[in-house]
Amino acid sequence: MARRSQPVAGARWPLWLAALLGLLFALVLFAPASWLAGPAARLSQQRLLLAQAQGTWHDGSAQVVLSGGAQSRGATLVPGRVRWRLGLAGLWHGRVDLVLHWPALAEAPLRLRVQLGIGSWSVQQLQAAPQDIATPMPASPPAAAATAADASAWQARLPADLLAGLGTPWNTLALQGRIVLSLQQARLESIAGRLRLNGQIQVHADDMRSRLSTVAPLGSYMLRINGDGANAGIVLSTRTGPLILDGRGVWNGQRLQFDGTARAGAGQEQALANLLSLLGQRQGDHVRISL
């Protein structure tokens, strides 16, 4: 009777390798969401912290804390929880799709595409998915066009007192009011270490107040940033209010230049004198704000 040959131990190494790779893949795939807390803190220089993380690193949620940095003692908790979901289908091409749900701040999720390359990266705002947009009533062609345009915009509402968690000068001003942040076709990319911005960012600040002034509200303001890839133009304007802020600037991806003015409306000069002195250098009836 022929003897059955014994399996050679060395022939089993592909099976052991496959099992090891499968184990490593499972560990990475189901790694906890808390693993993102460290990278988020380092990349933001301790200004954005993730707390009470749940789920996995690619499908999880957390509370967001704003901080003034490693040496800051103050911090503010952003309302609600943010939930993220990473689409990994394009990972082998250096592409990851990110969806952020933050119901306490925004009605629609923010959809982003992160593209990584050799010496470069980009983060692009994607158009809202059909399920993100409320079904409109039958409308005339102009209204339908406006609805289509809204698909490329994303908007979030947050209280101004959250800014105090970022440290100086926000904790000194102790602002209160409503802030609306809007992104439209925004794209931020880094090429050879230089940042470039495309698209539009708008910040509406309404009914702003400060503990440094008895005048309330100080006013409502708009900050508009338009990027064309080479430079980003910045415009600050006042919509209403006794504290009048205006200015223009440009950011070239490496340096910010901004020149603006702040002045008091008629009859409010004395009441706003202390606040104006903190905003810049006085020149006649106004102060100059330079960055």
Checking the conditions here, which among ALA128, ALA106, ALA139, ALA134 is at pLDDT below 85, in contact with a strand residue (DSSP E or B) (Cβ under 8 Å, 6 or more places away or on another chain) and part of a loop (DSSP other than H, G, I, E, B)? ALA128
For the structure I just gave you, tell me whether ALA53 is at pLDDT below 90 and not assigned by TED's automatic domain parsing to the domain that holds ILE179. no
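So which of ARG187, ARG209, ARG178 ends up being basic (Lys, Arg), more than 26 Å from THR76 (Cβ to Cβ) and part of a strand (DSSP E or B)? Talk me through it step by step, then tell me what you get.
Details: ARG209 fails: more than 26 Å from THR76 (Cβ to Cβ); ARG178 fails: more than 26 Å from THR76 (Cβ to Cβ).
Result: ARG187 is the single residue among ARG187, ARG209, ARG178 that is basic (Lys, Arg), more than 26 Å from THR76 (Cβ to Cβ) and part of a strand (DSSP E or B).
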Residue check: is GLN257 surrounded by fewer than 15 Cβ atoms within 10 Å (Cβ to Cβ), assigned to a strand (DSSP E or B) and not assigned by TED's automatic domain parsing to the domain that holds ALA104? yes
Please go through (1) touching a helix residue (DSSP H, G or I) at 6+ places or on another chain (Cβ under 8 Å); (2) closer than 20 Å to ALA174 by Cα for VAL287 and return the number of the only condition it doesn't satisfy. (2)
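For region 63-82, give me the residue count where each residue is among the aliphatic types (A, V, I, L, M), exposed (fewer than 14 other Cβ atoms within 10 Å of the Cβ) and assigned to a loop (DSSP other than H, G, I, E, B). Even if it seems obvious, please write down each step before you answer.
Start the filter on region 63-82 by keeping residues that are among the aliphatic types (A, V, I, L, M), which leaves 64-66, 70, 75, 77-78, 82.
Okay, now just the ones that are also exposed (fewer than 14 other Cβ atoms within 10 Å of the Cβ), so 70, 77.
From what is left, the residues that are assigned to a loop (DSSP other than H, G, I, E, B) are 70.
The total comes to 1.
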Among the residues of region 185-219, the number that are surrounded by 17 or more Cβ atoms within 10 Å (Cβ to Cβ) and of a type in the set (Gly, Ala, Ser) is 6
Residue pairs, Cβ under 7 Å, 6 or more apart or interchain, first in region 44-59 and within 15 Å of ARG81 (Cβ to Cβ), second among the polar types (S, T, N, Q). List them. LEU49/SER67; ALA51/GLN63; GLN52/GLN63; ALA53/SER34; GLN54/SER61; GLY55/SER61
Answer yes or no as to whether SER182 is of a type in the set (Ser, Thr, Tyr), surrounded by fewer than 17 Cβ atoms within 10 Å (Cβ to Cβ) and in contact (Cβ under 8 Å) with a residue 24 or more places away in the chain. yes
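How many of the residues making up region 272-287 are assigned to a loop (DSSP other than H, G, I, E, B) and either modelled with pLDDT under 90 or exposed (fewer than 14 other Cβ atoms within 10 Å of the Cβ) (or both)? Show your work before the answer.
Step one: of region 272-287, the residues assigned to a loop (DSSP other than H, G, I, E, B) are 272, 280, 284-285.
This time we only want the ones that are either modelled with pLDDT under 90 or exposed (fewer than 14 other Cβ atoms within 10 Å of the Cβ) (or both), so: 280, 284-285.
The total comes to 3.
Working only within region 87-114, note down all residues that are touching an Asp or Glu at 6+ places or on another chain (Cβ under 9 Å) and β-branched (Val, Ile, Thr). Walk me through it before giving the result.
Restricting attention to region 87-114, the residues satisfying the condition of being touching an Asp or Glu at 6+ places or on another chain (Cβ under 9 Å) are 87-90, 107-109, 111-114.
Matches in region 87-114: VAL114 only.
The values are calculated or read from the model by the stated rules, or taken from the named source; none is laboratory data. Note that this is a predicted model, so its numbers are computed, not measured. Cβ coordinates were reconstructed from backbone atoms using ideal geometry, including for glycine residues, and neighbour counts include every protein chain displayed.
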